[in-house]
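Here's the structure we're looking at; comments come further down.
The values are calculated or read from the model by the stated rules, or taken from the named source; none is laboratory data. The structure displayed is predicted, hence computed values, not measured ones. Heads up, the Cβs are rebuilt from the backbone with ideal geometry, glycines too, and the neighbour counts pull from every protein chain shown.
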Amino acid sequence: MTGRMSQPLARLMARVGALRDRPDPAGDIDAVAAVTERLAVLLSAGVPAPTAWGHVGDEPETALRGEAARGIGRPEGAGARTRRAVLGAAARAAADGGSVSGAIAGSVADDPASAGAWSVLAAAWAVAAESGAPLATSLRDLAASLRDEAQLRREVRTALAGPVASARLVLALPLIAVAFGALLGFDTVAILFGNPVGLACVVLGGLLLWAGRRWSARLASRASASRADAGLELELLAIAMSGGASIERARGIVGDALSSNGIATHDRGASDAVIALAARAGAPVSDLLRAEAFRLRRVARADGAARAAALGVRLMLPLGACVLPAFVLLGVVPLLVSVVSATLGGGS
């Protein structure tokens with residue numbers, strides 16, 4: 001008997017733990033940034049690329065996810081498996097003289113959630129290898145941009161915590177109203193499920209709550225949306241040109257690397273403007289490209305913070321259009337029906 005009772009309790013505790021230890025949305029990007037930084041250090045120390053990939057692959061998952069040790073996020077099974085697959089495939093490809101970028105792309109095909117950051121690393125590696133740019137320097141620059149993106153996602157999550165928690169509390173108000181009516185002595189549950197008016201309230205109120213929840217979740221998803229490739233095209237162009245490639249050849253190398261790794265190009269206009277400025281002023285193109293990439297990352301961070309700040313106001317829309325009518329249907333109408341029924345019954 002004790003064993004049978006302990007199994008449901010264990011499952012309940014596991015679910016509670018899963019809710020409490022939600023994964024850090026920046027965990028995958030931070031793990032890729034850690035791999036990139038370690039590779040840069042090892043390569044600059046003269047360690048061959050296959051050996052460097054092997055050393056990084058031997059590290060435990062928590063070494064690459066520093067936030068896990070602090071309880072901010074726990075290493076997820078899919079993410080850990082993807083990391084092991086990527087590092088193993090990249091090490092084999094580097095040892096065999098194959099395409100490290102292709103090996104990374106093939107390893108993340110089954111994990112779209114982690115593919116974005118790994119694809120950025122794959123594209124940067126392909127550009128550096130094709131252009132002859134110093135890998136260590138290129139990887140250090142890439143790691144800095146990935147850390148910026150990880151910080152942006154954490155800041156947005158922090159800003160969203162209050163509005164999202166408020167939305168969840170408000171969505172529970174209709175159910176709280178039903179329970180409160182029952183505590184006051186009104187037979188609200190019987191009215192909701194044993195009366196035609198009550199059944200109509202249950203159906204309409206349930207639909208409104210479902211719509212409000214979906215609406216709120218969509219608003220929160222849009223507010224937290226970000227991309228790990230902000231300024232990436234400019235960063236990759238700077239990497240290619242630091243290896244001695246001409247502007248046109250650098251464009252071709254970067255375009256091939258982005259398309260082969262499924263990364264859309266967003267910054268073509270910005271790169272054209274920077275290259276034109278460098279040509280007019282006779283300034284180093286790669287430095288200007290890196291400065292513009294840094295600016296684009298800062299703009300992306302500011303946009304993310306602005307979306308998170310606006311979410312608190314936008315969540316008022318599903319509150320007023322869906323949740324409050326559901327509150328009336330599920331909480332107020334049953335009370336009124338109960339009072340009217342009691343009054344008529346007492347009068348007769």
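Details
- Residue check, Arg290 within 22 Å of Arg140 (Cβ to Cβ), touching a Leu at 6+ places or on another chain (Cβ under 8 Å) and touching a residue at least 60 places away in the same chain (Cβ under 8 Å): yes
- Residues (in contact with a Leu (Cβ under 8 Å, 6 or more places away or on another chain) and of a type in the set (A, V, I, L, M, F, W, C)) located in the range 134-145: Leu135, Ala136, Leu139, Leu142
- Candidate set: the range 249-263, residues that are more than 9 Å from Glu130 (Cβ to Cβ) and β-branched (Val, Ile, Thr); chosen: the one surrounded by the most Cβ atoms within 10 Å (Cβ to Cβ): Val254
- Applying the criterion of being in contact (Cβ under 8 Å) with a residue 40 or more places away in the chain, buried (at least 18 other Cβ atoms within 10 Å of the Cβ) and among the small types (Gly, Ala, Ser) to the residues of the range 97-122, the residue that is nearest to Ile29 (Cα to Cα) is Ala117.
- Looking across the range 174-194 at every residue that is buried (at least 18 other Cβ atoms within 10 Å of the Cβ) and among the aliphatic types (A, V, I, L, M), the one that is farthest from Val323 (Cα to Cα) is identified as Ile191.
- Condition met for Gly244 (touching a residue at least 40 places away in the same chain (Cβ under 8 Å), closer than 28 Å to Glu130 by Cβ and exposed (fewer than 13 other Cβ atoms within 10 Å of the Cβ)): yes
- Among (1) farther than 30 Å from Ser271 by Cβ; (2) at pLDDT 80 or above; (3) among the aliphatic types (A, V, I, L, M), the one test that Leu142 misses: (1)
- Any chance Arg153 is under 17 Å from the mean Cα position of the chain (by Cα) and either surrounded by 19 or more Cβ atoms within 10 Å (Cβ to Cβ) or farther than 15 Å from Pro334 by Cβ (or both): yes
- Residues that are hydrophobic (A, V, I, L, M, F, W, C), surrounded by 20 or more Cβ atoms within 10 Å (Cβ to Cβ) and assigned to a helix (DSSP H, G or I), drawn from the range 123-141: Ala123, Ala124, Trp125, Ala126, Val127, Ala128, Leu135, Leu139
- Qualifying residue in the range 146-154 (condition: touching a Ser or Thr at 6+ places or on another chain (Cβ under 9 Å), under 30 Å from Gly97 (Cβ atoms) and either acidic (Asp, Glu) or modelled with pLDDT of 80 or more (or both)): yes
- The conditions of being of a type in the set (S, T, N, Q), over 30 Å from Gly252 (Cα atoms) and touching a residue at least 40 places away in the same chain (Cβ under 8 Å) are not met by Ser145.
- Residue in the range 68-78 that is of a type in the set (A, V, I, L, M) and modelled with pLDDT of 80 or more present: no
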